[in-house]
Amino acid sequence: MGLVGAVAVRDGGAALPHGFWAAVRVWLEKPQVANRRLCGAAIEAEGTVPLGEGREASPPLAAVWGGGSGGGQEERVAPAGAAELGRLWSEVRGQLPAGQGHLPPSLTPWGGPGHRSELRAVLRTLLPRGRTVGPPAAPVKELAVQDAFNGTVTFLPLEENSEGKHQLKKCNIYQIQLTHVKDEEWSVSVVVPFPEDWFSDGIAYPKLPWLGNELLSKLAKWSVEQKPSEFKSTLSLISVAKYSKVYQDLKEKYKEMVKVWPEVTDPEKFVYEDVAIATYLLILWEEERKEKGLTKKQSFVDLGCGNGLLVHILNNEGHSGKGIDVRRRKIWDMYGPETHLEESTIMPGDSHLFPDTDWLIGNHSDELTPWIPVIAARSSYSCCYFVLPCCFFDFHGKYSRRQSKKTQYREYLDFVAQVGFVCGFHVEEDCLRIPSTKRVCLIGKKRTYPPAERALIDKQITQYINNHQTCAVVMCDRRVGFNHKDHSDGVRKEAGSELPENESETAGRIWMPGFHPREKVEQIRNCASLPRDFVDEVVLSVANLLLNAAPQKSCSNMHGGNTNTWNQGESLSLKEVAEHLNKETLKRLKSEYGGLQTLLKNNHQVFEVLNGRVHIRDWRKEKPSRKTKPEVKRRLSAEAFKTCLCWFFIHHPDGCSLPSESCPYAHGTEELRQSQIIKKKKHIQ
């Protein structure tokens with residue numbers, strides 16, 4: 001009875017006990033990072049509550065909890081929250097099993113020797129990730145009460161009765177404890193008063209072993225982690241509760257798109273990613289209408305709209321706007337006339353301004369990404385923008401790294417943010433919940449200058465772009481949302497009287513003549529389009545190079561009791577391999593993305609490329625996947641068995657290292673099977 005689990009923690013960096021409270025704060029505000037069946041938590045009230053009677057709750061003190069996640073709407077508690085918290089605490093404390101505000105002996109009691117007269121409390125609502133089967137369940141509310149003196153935080157589940165009063169759900173009370181053992185040794189544990197009565201709903205309340213293993217291990221890890229994240233927490237600028245509801249509604253509404261997706265891309269990834277982005281924008285725009293007192297829904301233009309699904313959803317949800325892309329997609333024909341999509345090449349210049357548009361969108365807009373803040377700034381004083389950077393592009397081509405202390409992704413985000421600052425926007429950063437490694441968006445919806453200074457800002461933009469062409473760029477601080485003046489004054493000085501008159505104006509119809517838009521016909525440049533005989537020649541040449549390199553690696557092989565020596569060859573670096581290929585071959589490979597490395601990886605039956613070195617693949621050493629393959633992958637593997645000839649059986653001087661019955665490839669044409677894999681049928685209109 002009582003103890004569910006305990007984890008020993010060694011603190012060599014003096015992170016505890018502060019780190020423990022920071023970890024608890026993560027579990028309070030962002031439970032979804034541990035419990036994947038939750039979308040998040042809405043913090044409804046926060047403050048101190050008295051141990052004695054007759055005192056009101058007081059406002060929150062973030063320092064007690066180790067600080068919040070920073071700036072999200074869920075952390076901004078209403079002024080009336082503290083008073084409401086006090087009334088709720090008065091209802092609940094008398095219902096505690098031991099009465100008088102104490103918990104059963106199996107939990108650390110409040111009010112020990114030297115105790116404080118106050119406790120810290122947070123009221124939160126847990127938000128499920130998906131829809132429940134049947135009628136919607138009542139929201140799960142918890143009152144989390146912290147006793148800093150004893151190092152405990154107790155979670156009190158609440159249920160609302162027919163009279164609107166809160167009842168304590170005693171069976172699911174649990175407490176997280178921090179105990180100092182000695183020196184650098186600490187212990188984090190989870191205890192419950194009534195483990196035999198614990199009720200698991202599989203969502204907000206998993207089974208007790210999950211609390212004692214999964215949650216506890218994460219809390220212990222977070223408690224001593226001192227490396228700050230490079231990025232904001234997810235959905236820090238909007239309401240997580242509202243996001244959860246709208247996302248589930250839109251997901252249900254547009255789920256049929258997955259079944260009829262005609263593109264070659266993964267339908268689930270792209271459909272649900274665009275549903276998530278649309279959800280974010282709809283909530284962001286709703287908040288903007290409330291702030292500005294608007295009733296009309298915002299208009300938009302999606303630059304580089306791709307498959308157009310985001311435009312389709314936004315149009316369907318009542319926002320007027322269109323998408324523009326250089327290449328038409330097959331799926332465009334499925335949307336109908338209400339979805340406005342345009343096949344056109346966008347050249348940053350005077351002919352591509354949108355003075356009557358409220359928002360510009362750049363969703364993985366590639367070469368247009370750094371130009372979108374510029375186009376928004378020059379379209380009108382009220383035009384805003386939303387960009388979700390993916391591939392790294394500068395104003396004129398591929399982005400070149402300038403700092404080694406940051407990741408390339410962080411550096412590129414800082415560059416795009418700086419463009420926004422130079423264009424006179426107060427740039428905000430947020431992290432979306434989408435199935436992508438590039439999830440950080442940048443938003444410019446407020447100006448840092450009055451309308452009368454538009455001409456000055458325009459000169460500043462022109463100077464910045466011209467300077468950037470010659471790499472004279474001052475990189476901005478990675479933090480987003482700071483004072484614009486601190487980072488733009490230097491640029492403004494450069495944009496003064498030293499500029500020639502003809503350079504101080506927007507540079508004609510095309511702002512940068514060297515800009516290269518995306519090609520209308522997408523070229524396949526992953527070595528897949530190279531002639532088969534050319535590929536075979538390169539593969540054989542590289543294989544012979546590795547096999548003949550000295551010293552040779554020979555491996556013993558037992559086949560039917562006979563000991564054979566199989567030549568595994570030597571490993572060489574990609575550079576060494578390239579030096580042995582003729583210039584014409586290298587020139588042809590360089591025209592493909594990835595070049596030699598991509599070609600070798602494509603021929604994975606023969607080669608293995610690890611840490612920049614090329615090896616002959618030894619199929620005897622291939623280990624089965626640790627994780628069980630999904631049914632679809634198992635079926636595809638079975639259907640592909642013996643459908644291709646074994647390269648080693650034909651070309652290797654020692655033949656194949658595996659016997660015929662074990663090799664997935666055919667040892668001779670008599671073993672060849674016809675492939676049973678049927679390619680995905682194209683959508684029939």
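Looking for something under 23 Å from the mean Cα position of the chain (by Cα) and either of a type in the set (S, T, N, Q) or open to solvent by 10 Å² or more (accessible area, probe 1.4 Å) (or both) - is there at least one such residue anywhere in segment 348-360?
no
Considering segment 213-233 alone, what residues qualify as being open to solvent by less than 30 Å² (accessible area, probe 1.4 Å) and within 21 Å of Leu432 (Cα to Cα)?
Ser233
Cβ-Cβ under 7 Å, sequence separation 6+ or interchain: first residue in segment 137-155 and outside the structural domain of Ala204 (by the TED database), partner assigned to a strand (DSSP E or B) and aliphatic (A, V, I, L, M). Which pairs?
none
For segment 17-33, give me each residue that is surrounded by 21 or more Cβ atoms within 10 Å (Cβ to Cβ) and either without any contact (Cβ under 8 Å) to a residue 12 or more places away in the chain or farther than 23 Å from Ile203 by Cα (or both).
Gly19, Phe20, Trp21 - these are the residues of segment 17-33 that are surrounded by 21 or more Cβ atoms within 10 Å (Cβ to Cβ) and either without any contact (Cβ under 8 Å) to a residue 12 or more places away in the chain or farther than 23 Å from Ile203 by Cα (or both).
May I ask you to list the residues in segment 567-602 that are open to solvent by 30 Å² or more (accessible area, probe 1.4 Å) and either aliphatic (A, V, I, L, M) or in contact with a Phe, Trp or Tyr (Cβ under 9 Å, 6 or more places away or on another chain) (or both)?
Leu574, Leu586, Arg588, Lys601, listed by residue number.
Any residue in segment 111-125 that is within 17 Å of Ile43 (Cα to Cα) and modelled with pLDDT under 50 sitting within a Cβ distance under 8 Å of a residue that is in a loop (DSSP other than H, G, I, E, B) and not small (Gly, Ala, Ser)? List the pairs, counting only those 6 or more apart or interchain.
Filtered contacts from segment 111-125: no entries.
Yes or no, residue by residue, for (1) within 30 Å of Trp285 (Cβ to Cβ); (2) under 21 Å from the mean Cα position of the chain (by Cα); (3) in the same structural domain as His312 (by the TED database); (4) in a loop (DSSP other than H, G, I, E, B):
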| site | (1), (2), (3), (4) |
| --- | --- |
| Gln175 | no, no, no, no |
| Val188 | no, no, no, no |
| Trp210 | no, no, no, no |
| Trp222 | no, yes, no, no |
| Ile238 | yes, yes, no, yes |
| Lys242 | yes, yes, no, no |
| Lys253 | yes, no, no, no |
| Met257 | yes, no, no, no |
| Trp261 | yes, no, no, yes |
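If I go through segment 140-175 residue by residue, how many of them are loosely packed, with under 15 Cβ neighbours inside 10 Å and either modelled with pLDDT of 90 or more or closer than 18 Å to Ala42 by Cβ (or both)?
2
So which of Pro531, Pro513, Pro551 is at pLDDT 70 or above, open to solvent by 90 Å² or more (accessible area, probe 1.4 Å) and out of contact with any Leu (no Cβ under 8 Å at 6 or more places or on another chain)? Walk me through how you get there before you give the answer.
Numbers: Pro531 fails: open to solvent by 90 Å² or more (accessible area, probe 1.4 Å); Pro551 fails: at pLDDT 70 or above.
Of Pro531, Pro513, Pro551, the one residue that is at pLDDT 70 or above, open to solvent by 90 Å² or more (accessible area, probe 1.4 Å) and out of contact with any Leu (no Cβ under 8 Å at 6 or more places or on another chain) is Pro513.
Name the one entry in Val374, Val387 that is in contact with a Gly (Cβ under 6 Å, 6 or more places away or on another chain) and in contact (Cβ under 8 Å) with a residue 12 or more places away in the chain.
Matching residue, one of Val374, Val387: Val387.
Here's the yes/no breakdown for (1) within 28 Å of Asn548 (Cα to Cα); (2) at pLDDT 90 or above; (3) open to solvent by less than 90 Å² (accessible area, probe 1.4 Å); (4) among the aliphatic types (A, V, I, L, M):
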position	(1), (2), (3), (4)
Arg626	no, no, no, no
Glu631	no, no, no, no
Arg635	no, no, no, no
Phe649	yes, yes, no, no
Asp654	yes, yes, yes, no
Cys663	yes, yes, yes, no
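Pairs please, first residue from segment 565-592 and within 22 Å of Arg532 (Cβ to Cβ) and β-branched (Val, Ile, Thr), second anywhere and part of a helix (DSSP H, G or I) and at pLDDT below 90, Cβ atoms under 7 Å, 6+ apart in sequence or on different chains.
Between residues of segment 565-592 that are within 22 Å of Arg532 (Cβ to Cβ) and β-branched (Val, Ile, Thr) and residues that are part of a helix (DSSP H, G or I) and at pLDDT below 90, the close pairs are Val577/Leu596.
Return only the number of the condition from (1) more than 29 Å from Trp27 (Cα to Cα); (2) open to solvent by 40 Å² or more (accessible area, probe 1.4 Å) that Glu252 does not satisfy.
In the conditions (1) more than 29 Å from Trp27 (Cα to Cα); (2) open to solvent by 40 Å² or more (accessible area, probe 1.4 Å), Glu252 misses (1) alone.
Find the residue count for segment 34-45, including only residues that are open to solvent by 30 Å² or more (accessible area, probe 1.4 Å) and closer than 18 Å to Pro206 by Cα.
Counting residues in segment 34-45 that are open to solvent by 30 Å² or more (accessible area, probe 1.4 Å) and closer than 18 Å to Pro206 by Cα gives 2.
For Lys438, state whether it is within 29 Å of Arg37 (Cβ to Cβ) and surrounded by fewer than 20 Cβ atoms within 10 Å (Cβ to Cβ).
Against the criterion (within 29 Å of Arg37 (Cβ to Cβ) and surrounded by fewer than 20 Cβ atoms within 10 Å (Cβ to Cβ)), Lys438 qualifies.
Among the numbered criteria (1) out of contact with any strand residue (DSSP E or B) (no Cβ under 7 Å at 6 or more places or on another chain); (2) open to solvent by 10 Å² or more (accessible area, probe 1.4 Å); (3) at pLDDT 95 or above, which one does Lys398 miss?
Unmet condition: (3).
The values are calculated or read from the model by the stated rules, or taken from the named source; none is laboratory data. A quick note: this is a predicted structure, and the numbers were derived from the prediction, not measured. In this analysis, Cβ positions are derived from the backbone assuming ideal geometry, glycine residues included, and neighbour counts consider all displayed protein chains. Remember, those area values only see protein heavy atoms, side chains included, never the ligands or the DNA or RNA. Shrake-Rupley method; radii C 1.70, N 1.55, O 1.52, S 1.80 Å.
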